[in-house]
1. Summing -39500 (n - 2.57) over the DSSP H runs of n ≥ 4 in the chain and dividing by its residue number, what mean residue ellipticity at 222 nm do you reach, to the nearest 500 deg cm²/dmol?
2. Taking 7 Å along the Cα-to-C-beta vector as the label spot, tell me the residue 47-residue 82 distance in nanometres, rounded to one decimal.
3. For the chain, take the longest principal axis of its alpha carbons; what is the angle in degrees between that and the long axis of helix 4-40, to the nearest 10 within 0 to 90?
4. I'd like to compare 65-72, 13-20: which one has the highest average count of other Cβ atoms within 10 Å, and what's the full order after that?
5. Per residue Cα convex hull volume for the chain, in cubic angstrom?
6. Report, to two decimal places, the Cα Rg of the stretch 4-47 normalised by 2.2 N^0.38 Å (N = number of residues).
């Protein structure tokens, strides 16, 4: 069985080896990136995503104009997602969805 001092020494040696390996792999990655950039004539400015067209569907939670309004309370619904309770109750009482259209 190893002593505590032996285990601590092994851990310190492993940590040094891990750090050296991380530095070496990082340097290799940087060299690969520089090589690819040189091959395609890219600059750091080319890597920026500023000014790029936004992808469709990105931006969860965007507002949509309401399509239906409860004239009694002023509550609105965009027509997306589940119907609100006030609209369900009104439809159940015999009114039509079109009665609430804006």
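1. -15500 deg cm²/dmol
2. 4.6
3. On a 0 to 90 degree scale, this one is about 70.
4. Numbers: 65-72: 12.6, 13-20: 10.0.
Listed from highest to lowest mean packing, they are 65-72, 13-20.
5. Numbers: hull volume 29.3 nm³, N = 102.
Per-residue hull volume (Cα only) is 287 Å³.
6. 1.90
Each value in this text was obtained by applying a stated rule to the coordinates, not by laboratory testing. From a predicted model like this one, the values you see are computed outputs, not experimental measurements. Please note: Cβ atoms are built from the backbone with ideal geometry, for glycine as well, and neighbour counts cover all protein chains shown.
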